[in-house]
1. Could you tell me whether the stretch 99-121 includes any residue that is within 16 Å of the ligand (Cβ to nearest atom), among the small types (G, A, S), in contact with a helix residue (DSSP H, G or I) (Cβ under 6 Å, 6 or more places away or on another chain) and not in a helix (DSSP H, G or I)?
2. Quick test of your reading of the structure: C59 fulfils all but one of (1) in a helix (DSSP H, G or I); (2) touching a Phe, Trp or Tyr at 6+ places or on another chain (Cβ under 8 Å). Name the failing condition by number.
3. How many residues are free of Cβ contacts under 8 Å to residues at least 40 places away in the same chain and within 16 Å of the ligand (Cβ to nearest atom) if we restrict to the stretch 150-171?
4. For L85, are the conditions met, namely being in a helix (DSSP H, G or I), under 30 Å from K128 (Cβ atoms), aliphatic (A, V, I, L, M) and in contact with a helix residue (DSSP H, G or I) (Cβ under 9 Å, 6 or more places away or on another chain)?
5. Please specify each residue of the stretch 122-144 satisfying the condition of being within 16 Å of the ligand (Cβ to nearest atom) and not in a loop (DSSP other than H, G, I, E, B).
6. Kindly evaluate S48 against the criterion of being out of contact with any strand residue (DSSP E or B) (no Cβ under 8 Å at 6 or more places or on another chain) and hydroxyl-bearing (S, T, Y).
7. What residue, among those in the stretch 262-291 that are within 15 Å of S364 (Cβ to Cβ) and of a type in the set (A, V, I, L, M, F, W, C), is surrounded by the most Cβ atoms within 10 Å (Cβ to Cβ)?
Amino acid sequence: MSDNKIKIPFADLSRTHVPLKEEFLKELSSIIDTGDFILGHKVAEFESAYAHFSNTKHCIGVGNGLDALKIALRSAGVTKGDKVLVPAHTFSATWLAVADIGAVPVGCDVDKDTFNIDVSVTNLLRIKELKAMVPVHIYGSACNMDTIMDFAQNANCVVVEDNAQAQGALYKQKATGSFGIANATSFYPGKNVGAMGDAGAITTNSDEILDKARSLRNYGSLKKYEHNELGYNSRLDTMQAALLQVKLKQVELWNEERNKLAARYRQNLSAIEQIKFQRVPDNSTSVYHIMAILINQRQALQQHLFSYGIQTIIHYPTQPHLQSAFAYLGYTKGSFPVAELIAEQTLSLPLFAGMTEDEVDEVSDRVIQFFR
Ligand SMILES: *Cc1c(COP(=O)(O)O)cnc(C)c1O
């Protein structure tokens, strides 16, 4: 089926963007007039707004989520040869960031119900060797941060949250992206807080990390033409910052909308025994970045839905430990059985701010039809 036959897309960003278009254009127009392009005052304004949103003291805007992770890890003191615990079920960027700074990703399986990192299975590791761990709030559902912070304390390692999927999620009333010493997020367009191009950020309560991350995003330099370390050019673009600030004001509303739609899916599909949903842990909230279901006949269901113009996506068909890029780490099929089962069974249904309840019902009806 060609794209123009898609009736219900996986996501439709225009539904939230079009009503705000005037405001977006006004912002861009004023930046064009002033020429305030690189680390302009809109960057500082957005950083302060996003820090507030994240319950942290500081936010440092950078070029994308992968860079945010790299800079967060390096700012937290992770360096060449250090071991960093990462969940097996995540987008590859979590592992790439660790590898790219010369550290070693140490995979950890995930919980079969929450799909988040399961530190209880790491007892075989020599955990004292870990320098850091990167919990990922997968699909928008906050990890049990008490368990993670206790584990990190015992292992004497630092926590760097990958909050790319969970902007606005809470654990015990506290925002994800505020627990680690330095935390990373992505404003890739499809994320809950999405730019109109690449963008990302680090959040932290530490003044030291603030300086370090500001330096790393700007050639390792805090003072022009003085370079204290090997940095990057990864600054949050002023235009993206201005657009993000407009969108940030709406995000809580959009996350609420996502929650209502997700609840509707769960209700509609509750009678289908073959479907398993992600469990949101006690004391956690989810912002439903992704509405995932686990099923046995995934390919057939995906085709069935597509034949009715309903677009679905798989997050993620091949996990980092089975990608050729990470073959050197020596993992094989069977290394992380729970994560691998999720990869085989997971299917992401359409869910986005601006989606209608009728659309959720239509997708649900087609899913129900498939199982009948
Ligand atoms: C999107 C994402 C990233 C990477 O963000 P980019 O801005 O695309 O580089 C990292 N980790 C997770 C879990 C993500 O979903």
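1. Scanning the stretch 99-121 turns up at least one residue that is within 16 Å of the ligand (Cβ to nearest atom), among the small types (G, A, S), in contact with a helix residue (DSSP H, G or I) (Cβ under 6 Å, 6 or more places away or on another chain) and not in a helix (DSSP H, G or I).
2. Here C59 clears every test but (1).
3. 2
4. Numbers: in a helix (DSSP H, G or I): no; under 30 Å from K128 (Cβ atoms): yes; aliphatic (A, V, I, L, M): yes; in contact with a helix residue (DSSP H, G or I) (Cβ under 9 Å, 6 or more places away or on another chain): yes.
Answer is no for this residue.
5. Residues of the stretch 122-144 that are within 16 Å of the ligand (Cβ to nearest atom), as a first pass: 132-143.
Answer for the stretch 122-144, where residues must be within 16 Å of the ligand (Cβ to nearest atom) and not in a loop (DSSP other than H, G, I, E, B): A132, M133, V136, I138, Y139, G140, S141.
6. Taking the combined requirement at face value, the residue does not satisfy it.
7. M291
Matching residues to (1) farther than 11 Å from I60 by Cα; (2) of a type in the set (F, W, Y):
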residue	(1), (2)
I202	no, no
S206	yes, no
K212	no, no
H227	yes, no
E257	yes, no
K260	yes, no
Y265	yes, yes
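Any read-out appearing in this document is the output of simple, stated calculations on the displayed coordinates, not a laboratory observation. For clarity, every value in this text was computed on a predicted model and none was experimentally measured. With ideal geometry, Cβ positions are generated from the backbone for all residues, glycine too; neighbour counts draw on all protein chains shown.
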